[in-house]
Amino acid sequence: METFLIRALQLIVSFSLLVVIHEGGHFAAAKLFKVRVEKFYIFFDPWFTLFRWKPKKSKTEYGIGWLPLGGYVKIAGMIDESMDTDQMKKPPQPWEFRTKPAWQRLIIMIAGVVMNFLLALFIYSMILLHWGDSYVALQDMTYGMKFNKTAQRIGFRDGDILLKADDKPIQRYGVDMLRAIAEARVVIVKRNGREKEIFMPEISLLDMAKENPVFVDVLIPNVIDSVLPGGSFAKAGIRKGDKILAVNDKPVNSWNAFLEVMDDLKNDAIVRKEKTATLKVVFDRAERLDTVSLQTDTLFMVGTMGQMLNYKTTILKYDFFASFPAGIQLGVNTLKGYVNDMKYVFTKEGAKSLGGFGTIGSIFPKKWDWHKFWSMTAFLSIILAFMNILPIPALDGGHVFFLLYEIIARRKPSDKFMEYAQITGMVLLFALLIWANFNDVMRFLF
């Protein structure tokens, strides 16, 4: 419960900040061109509000709604999510959105997206200034990587050290590494001290990411680092430094493989509804093979840990002036990767992988960590900016699309058309929201 509350709080704080910045962009641009803003709300307020305040001599009401699906500014003389069509039937006023030149209206509509993107760049810059950038380079992972069966059919082998994808260095473990491998024609690895080319077939990042075990993981040697006193391994006489070679006649060449074998045995025991299980473990101690049998429950809590890897960490530090170009580059690369991955959303598997608030909340850490909080907030800010600029009615991008049409065709779409477009867009967005959160519920239940 505590973990849920911490993640929920991080999500609410992050989301509220992004909404304030986004809507603040629209608000500031509207004020710049002397357009009246009637409401500035965090979250939506159908039927009632949690808080409202209108300063004296101000035309704007500020408030907090109860429905945490975003936020809005109600701009006078505009068909938006408020669906205030009565206002549009009255004579146009000089302070209204509809009476301003198209270029001014265009700036007002893109201001929210611009502010979200600038916020992400600023956060990334401040992260690099305060914490720097630390990672373990793939080339310094001297034990190499662990590859699943799909990767091994392609030509990868356990222990390969990833070097390049189409002559571009692969520097660190993560989604960018997977993307580089998926898009490459040739991946170069170091195997037994020599470079080897692996020719890649057609494979999608989505297919790689959903596999279990994962396509590629950090290889952990099959050497025991510690044994819990009183655990099954300790009772069988297995000690720190022993190398596990097989479990129940299934070969083990890494700690990753050991965990996979144990997971398979656990699932088999659950299917057979067994309460205990017998394991035959073959291990190597100082180049001498031995075999022991041990009893464990079907959770397979054997009380042991794999070897801790003490790889060299690469640390990059940035001063105030260097942090901004580095932060901008990180933000732009993040945006490029996200845009590139959007093509998977329009596939059957991509639609199933869509997530709602549960998925978004789960990406925050279980304990409050400012570094991770700001990293995720910057990432979400980029997502919000990109999603909002898509040419979908009801989103900023839909309004931008119709404004560009107006500028090119020199004629406005009718108010009735804009009203229908707004309704259509809102229906689509709510349907997408329901589907994404339905996926979350199904993942939780099954």
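The values are calculated or read from the model by the stated rules, or taken from the named source; none is laboratory data. Since this is a predicted model, take the numbers as computed values, not measurements. Note: ideal-geometry Cβ built from the backbone for every residue, glycine included; neighbour counts use all protein chains shown. Note: accessible area is taken over every heavy atom of the protein model, side chains too, but ligands, DNA and RNA are not part of it. Shrake-Rupley method; radii C 1.70, N 1.55, O 1.52, S 1.80 Å.
Values computed for the structure shown
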item	result
Residues of the stretch 15-43 that turn out to be farther than 15 Å from TYR62 by Cβ and crowded, with 21+ Cβ neighbours inside 10 Å, as a count	6
Answer residue from the stretch 250-269, given it is of a type in the set (S, T, N, Q) and within 22 Å of TYR143 (Cα to Cα) and is most open to solvent (accessible area, probe 1.4 Å) among those	ASN253
Top-ranked residue of the stretch 89-101 - restricted to ones that are buried (at least 16 other Cβ atoms within 10 Å of the Cβ) and out of contact with any Phe, Trp or Tyr (no Cβ under 8 Å at 6 or more places or on another chain), ranked as farthest from PHE386 (Cα to Cα)	TRP95
Answer residue from the stretch 195-240, given it is open to solvent by 90 Å² or more (accessible area, probe 1.4 Å) and hydrophobic (A, V, I, L, M, F, W, C) and is nearest to ALA137 (Cα to Cα) among those	PHE199
Any pair with Cβ under 9 angstrom, 6 or more apart, that starts in the stretch 224-242 at a residue that is on the phi < 0 side of the Ramachandran plot and ends at one that is of a type in the set (Lys, Arg) and buried (at least 16 other Cβ atoms within 10 Å of the Cβ)	ILE224/LYS243
Contacts under 9 angstrom Cβ, first residue in the stretch 378-389 being closer than 15 Å to GLU23 by Cα and touching a residue at least 40 places away in the same chain (Cβ under 8 Å), partner assigned to a loop (DSSP other than H, G, I, E, B) and open to solvent by 10 Å² or more (accessible area, probe 1.4 Å), 6 or more apart	ASN388/LEU395; ILE389/LEU395
Residues of the stretch 59-80 that turn out to be at pLDDT 85 or above and open to solvent by 60 Å² or more (accessible area, probe 1.4 Å), as a count	4
Qualifying positions in the stretch 82-138 - among the β-branched types (Val, Ile, Thr) and farther than 17 Å from ALA322 by Cα	THR85, THR99, ILE107, ILE108, ILE110, VAL113, VAL114, VAL136
Cβ pairs under 7 Å, 6+ apart, first in the stretch 55-72 and touching a residue at least 12 places away in the same chain (Cβ under 8 Å) and of a type in the set (Lys, Arg), second open to solvent by 30 Å² or more (accessible area, probe 1.4 Å) and assigned to a strand (DSSP E or B)	LYS59/GLU38
Tally, over the stretch 40-58, of residues that are more than 19 Å from MET115 (Cα to Cα) and within 35 Å of the chain's Cα centre (by Cα)	9
Residue within the stretch 162-173 that is crowded, with 17+ Cβ neighbours inside 10 Å, part of a helix (DSSP H, G or I) and touching an Asp or Glu at 6+ places or on another chain (Cβ under 9 Å) present	no
Subset of the stretch 304-351 [part of a helix (DSSP H, G or I), open to solvent by 50 Å² or more (accessible area, probe 1.4 Å) and modelled with pLDDT under 75]	LYS343, PHE346, LYS348, GLU349
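For (1) of a type in the set (Asp, Glu); (2) modelled with pLDDT of 90 or more; (3) assigned to a loop (DSSP other than H, G, I, E, B); (4) over 26 Å from ASP415 (Cα atoms), each residue gets a yes or a no:
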| position | (1), (2), (3), (4) |
| --- | --- |
| LEU17 | no, yes, no, yes |
| HIS22 | no, yes, no, no |
| PHE48 | no, no, yes, yes |
| LYS57 | no, no, yes, yes |
| PRO91 | no, no, yes, no |
| GLN104 | no, yes, no, no |
| MET109 | no, yes, no, no |
| PHE117 | no, yes, no, yes |
| PHE122 | no, yes, no, yes |
